[in-house]
Amino acid sequence: MIENDATERAVNRYSLTGEVFYNIREKILSGEYKPNEELKENTLATNLGVSRTPVREALRQLEFEGLVKIIPNKGAFVLGISLKDIRDIYEMRSLLEGLCARKACEHATKELLDKLDENIDLSEFYCNKGDFEKVVSLDNEFHHLLYEASDSKLLKSHLTDFHHYLERIRKTTLTEKSRAFTSMVEHRAIIDAIKKGDANEAEKLANTHIINAMQNIKDHGLWS
């Protein structure tokens, strides 16, 4: 969970409102709070051990995020992530991750490249063991390291949010052995291009990687 520097949002993760915001958002994204479910201020405040003020502020921020709809005189209701949202996020991610890989060609440090190499080696090890929960965790780490390598706090902020929004659906597809191995091979190709300083190739491979991930979601029948 991160503060979104790109939009200079009022919610800070270290503030009380920030803690409430991230707690509710996590439960929406995990599916614990279902679409159309009412989020009652009193209930949330009691469950979280806070007053209604930070809950109210958090709900307003969640409405700004598009995860909640506040209807005057009725209350706040969960919108969640729709299939259209998922498509949109993947399309935006494909472009931004390509840009991220391009920037990494110029800004990635040896330390980060070593960490990315180690990540891929570990991914291969756990793929062969069939431990796909660990593979999902390492996939998350790979992308966050790549965002760090871009040396762009704006890219990192937006992509981290997008990545978090898709975490639930990505767990479903990355636990499939064939996609897990393919994803790992694609990761290695991206890093090889970055090491060579081939910005065009790195951007193209990162873009294609996300498009392939989106196609894999389609292949699971989540949308036509």
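Sorted by average packing, counted as other Cβ atoms within 10 angstrom per residue and highest first, what order do 187-193, 149-155 take? Don't skip to the end; give the middle numbers.
Working: 187-193: 21.0, 149-155: 18.6.
My ranking of the peptides, most packed first, is 187-193, 149-155.
Ignoring lysines fewer than eight residues from K110 along the same chain, the ones with Cα atoms less than 17 angstrom from its Cα are K195, K196.
Which order, highest average first, do 78-90, 35-47 follow once you tally other Cβ atoms within 10 Å for each residue and take the mean per peptide?
Numbers: 78-90: 15.6, 35-47: 13.8.
My ranking of the peptides, most packed first, is 78-90, 35-47.
Sorting the segments 127-136, 177-186 by their mean number of nearby beta carbons within 10 angstrom, highest to lowest, gives 177-186, 127-136. In terms of overall dimensions, the chain has a Cα radius of gyration and Dmax of 18.8, 59 angstrom.
Could you compute the net charge surrounding I190? Neighbours are other residues with a C-beta less than 13 Å from the C-beta of I190; K and R count +1, D and E count -1. Could the numbers behind the result be given before it?
Working: positive: R102, K103, R188, K195, K196, K204; negative: E97, D117, D139, E186, D192, D198, E201, E203.
Within the 13 Å Cβ shell, the charges total -2.
On a 0 to 90 degree scale, rounded to 10, what angle separates helix 199-219 from the longest Cα axis of the chain? The angle comes out at about 60 degrees. For a straight C-alpha distance cut-off of 17 angstrom, the lysines reachable from K40 (same-chain residues fewer than eight places away being disregarded) are K27, K69, K74.
Express in nm, to one decimal, how much length is gained between N23 and D121 on full extension, taking 0.36 nm for each residue of separation and deducting their alpha carbon distance. Don't jump to the answer; show the numbers that get you there.
On the way: separation 98, 0.36 × 98 = 35.28 nm, distance 3.33 nm.
Result: 31.9 nm gained on full extension.
Say the cut-off is 26 Å between C-alpha atoms; which of K84/K204; K84/K134; K34/K84; K34/K156 go over it? Don't skip to the end; give the middle numbers.
Details: K84/K204 24 Å; K84/K134 29 Å; K34/K84 17 Å; K34/K156 28 Å.
Flagged as over cut-off: K84/K134; K34/K156.
So which aspartates and glutamates can K153 reach, going by Cα to Cα under 14 Å and dropping same-chain residues fewer than 8 places off? Partners within reach: E3, D5, E8, E97, D161.
Readers should treat all values here as calculations from the given coordinates under stated rules, not as data from a laboratory. As the structure is a prediction and not an experimental result, all values here were calculated from the model. Using ideal geometry, Cβ is built from the backbone for each residue, glycine included, and neighbour counts are taken over all protein chains shown.
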